[in-house]
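Throughout, read-outs are computed from the coordinates displayed, never taken from laboratory work. Just so it is clear, the structure is predicted and the values come from calculations on it, not from any experiment. Because the Cβ atoms are built from the backbone with ideal geometry, glycine has one as well, and the counts that use them run over all protein chains shown.
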Amino acid sequence: KAAVNQKEVEFDGDHVLQSICLSFIEDMNTFGISVLDDFLGNERGNLVYEEVINLHRAGLFTDGQLVRNETKNKDIRGDEIIWLVGNESACPNITGLINDIDCIVLTANKLPNNGQLGKYKIDGRTKAMVACYPGNGAHYVKHVDNPNKDGRVLTAIYYLNKNWDRKIHGGRLRIFPTEERSQAADIDPIFDRMLFFWSDRRNPHEVLPSFRTSHYFSLKENDIKEINENLRKLISGACDDLRDTLKQFREEDTYDK
Ligand SMILES: O=C(O)c1ccc(-n2[nH]cc(-n3ccnn3)c2=O)nc1
Ligand SMILES: [Mn+2]
């Protein structure tokens, strides 16, 4: 692990981390998307997969309310998800995946000349969502993860699907072209694939219908300034609502006298 400390970043001779960070920065600055295959390696990838299956078998998943198109057939089972903080003792390998994602993003964010990553001060993340998505043809409607600056700036999705054949199973993630990037990106949800993309309007995306159960993991990295600005907006909005309610209350009160 790199010694990611507040003042500067050393790689402690960790050339693997250094090359991952540099290719991650290059991809994010060129495409706004970065795909890192064989991210954990077969052994660790299998251990994460086993933990996801065990959590699901233990009935710890709940129905997800994710951005997806409500299918016509109402009795179709939707996705099931579980939120993890990242310190759960029952899944040390998922925790290891979270730590590796944080390590790469935080290391890259602190490197000099890191381009667009430099405009963010990434210092925290959302909880991690582990999802089991049924292969019943349901899909994710086209959406932007963070269209209105809610603080989440970088989406990370880790796929766990072995022997995935997109011609039969579908389920690919389509990131649409925008003015900034003329090409679309079609990403298959294959085992041990790590995907990063900017969470804002630069990356409208949808997930095409999948016809085999798929498992994946997702979290968002936060930018401290955008999070605080969003919090300030929410608080001032709540104060305005409270003020309106008090004003209405007083008007009603005087009326009754
Ligand atoms: O809550 C939210 O903002 C939220 C949640 C999920 C989500 N997406 N988007 C694309 C997903 N996916 C699933 C498989 N391959 N890609 C996926 O999970 N986007 C936004
Ligand atoms: Mn999304």
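May I ask for the longest run of the chain untouched by GluC sites (Glu not before Pro) that are loop-located per DSSP and have at most 10 neighbouring C-beta atoms (other than their own) within 10 Å? Mind showing how you got there, number by number?
Numbers: sites that count: Glu8, Glu70, Glu179.
For GluC sites (Glu not before Pro) (loop position, at most 10 other Cβ atoms within 10 Å), the longest site-free span of the chain is 71-178.
For labels at Arg166 and Thr245 in the simple 7 Å Cα→Cβ model, what's the distance in nm?
In this crude spin-label approximation the distance works out to 4.9 nm.
In nm, to one decimal, how far is the modelled label at Phe176 from the one at Arg201, with both set 7 Å along Cα→Cβ?
Distance between label points: 1.3 nm.
Only Cα pairs under 8 Å and at least 6 apart count here; give the relative contact order of the chain as a rounded whole percent. If you can, show how the numbers build up before the last one.
Working: 461 pairs, mean separation 60.5, N = 257.
24 percent.
Set Lys and Arg Cβ to +1 and Asp and Glu Cβ to -1, take the dipole of the chain about its Cα centre, and tell me which of Ser210, Asn146, Asn163 lies farthest positive.
Going by the Cα projections, it comes out as Ser210.
Sorted from largest down, what three extents in whole angstroms do the Cα atoms of the chain have along their principal axes?
Here the Cα extents, ordered largest to smallest, are 75, 53, 44 Å.
Towards the positive end of the charge dipole of the chain, with charges on Cβ (+1 Lys, Arg; -1 Asp, Glu), say which of Cys132, Asn46, Thr107 has the farthest Cα.
Positive-most Cα among the choices belongs to Cys132.
Which value in deg cm²/dmol, rounded to the nearest 500, describes the helix-derived mean residue ellipticity at 222 nm for the chain, given -39,500 (n - 2.57) per DSSP H run of n ≥ 4 and division by the residue count? Show your work: numbers first, answer last.
On the way: 5 runs with 88 residues, N = 257.
-11500 deg cm²/dmol, from helical runs alone.
Counting only other residues whose beta carbon sits under 10 Å from that of Arg152, what net charge do I get with K and R as +1, D and E as -1? Walk me through the numbers before you get to the answer.
Details: positive: Arg125, Lys149, Lys220; negative: Asp145, Asp150, Asp200, Glu221, Asp223, Glu226.
Here the count lands on -3.
Are any of the pairs Lys110/Lys142; Lys110/Lys225; Lys110/Lys233; Lys110/Lys220; Lys119/Lys142; Lys142/Lys233 more than 23 Å apart by Cα-Cα distance, and if so, which? Before the final figure, lay out each step's value.
Numbers: Lys110/Lys142 32 Å; Lys110/Lys225 16 Å; Lys110/Lys233 28 Å; Lys110/Lys220 18 Å; Lys119/Lys142 27 Å; Lys142/Lys233 27 Å.
Too far apart for the 23 Å limit: Lys110/Lys142; Lys110/Lys233; Lys119/Lys142; Lys142/Lys233.
Could you tell me how far the Cα centroid of region 171-193 sits from the Cα centroid of region 83-122, in Å?
Cα centres, region 83-122 to region 171-193: 22 Å.
For Thr213 and Asp37 in the same chain, what is the full-extension length gain: residue separation times 0.36 nm, less their Cα-Cα distance, in nm? Intermediate values should be presented prior to the final figure.
On the way: separation 176, 0.36 × 176 = 63.36 nm, distance 2.06 nm.
Additional length available on full extension: 61.3 nm.
Rule-of-thumb check for region 160-257: C-alpha Rg over 2.2 N^0.38 Å? Can you show the working numbers first?
Values: Rg = 23.1 Å, N = 98, 2.2 N^0.38 = 12.6 Å.
Ratio of Cα Rg to 2.2 N^0.38 Å: 1.84.
Please state the shape class of region 79-200: rounded when a/c is under 1.5, otherwise prolate if a/b exceeds b/c and oblate if not, all from the C-alpha gyration tensor.
On the way: a/c = 1.77, a/b = 1.15, b/c = 1.54.
It comes out oblate by the Cα gyration axes.
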